[in-house]
1. Using Cα centres only, tell me the gap between the stretch 1-31 and the stretch 86-135 in whole Å.
2. So how do 39, 23, 104, 18 line up by other beta-carbon neighbours within 10 Å, fewest first?
3. With a cut-off of 20 Å, note down the residues of the stretch 117-135 whose backbone N falls inside the zone around a label point 7 Å from the Cα of residue 94 toward its beta carbon.
4. In Å, the Kirkwood hydrodynamic radius of the stretch 18-90 over pairs of distinct alpha carbons?
5. Residue 47 label point, 7 Å along Cα→Cβ, cut-off 14 Å on backbone N: hits in the stretch 70-94?
6. Three principal axis extents, largest first, for the C-alpha atoms of the stretch 3-131, in Å?
7. Averaging sequence separations of C-alpha pairs under 8 Å and six or more residues apart, then dividing by the length of the chain, give the relative contact order as a whole percent.
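FYI, it's all coordinate maths here, none of it is from the lab. Everything quoted here is computed from the prediction, not taken from an experiment. Positions of Cβ are backbone-derived with ideal geometry, glycine not excepted, and every protein chain shown enters the neighbour counts.
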């Protein structure tokens, strides 16, 4: 499985976790059983999920700071899951170039939401990267 597909599963998991309002540790094993993958992909999935959840307050604060006339709870769930995972990667994964995280996030937003979501996700991530000099 490619990282692209593993990243897609991370976003699906984060969306599911938010909808179900359950702790990620409760959901992750069932999710992995429902989505068979190689050990390397499981490791990537777990690292991204655990890292996103562990750093959720900082990630959400950064997203919230970029919203004009919006709040986090108004962002569609898919877009929020995409933003959260991408910001985790940008902030905490040195093995993934920032541009890759942004491009993948935009593609996921377009695939699971709509073209406008791709523009929204790109704008939020681009602003955060520029403001915090994360390139």
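1. 18 Å
2. On the way: 39 7, 23 10, 104 20, 18 14.
Taking fewest neighbouring Cβ atoms as first place, the list is 39, 23, 18, 104.
3. Only 129, 132-135 pass the distance filter.
4. Numbers: mean 1/r = 0.0746 Å⁻¹.
With all distinct Cα pairs of the stretch 18-90 included, I get 13.4 Å.
5. 88-94
6. Taking the Cα atoms of the stretch 3-131, the three principal extents are 39, 30, 26 Å.
7. Numbers: 122 pairs, mean separation 32.4, N = 135.
That works out to 24 percent.
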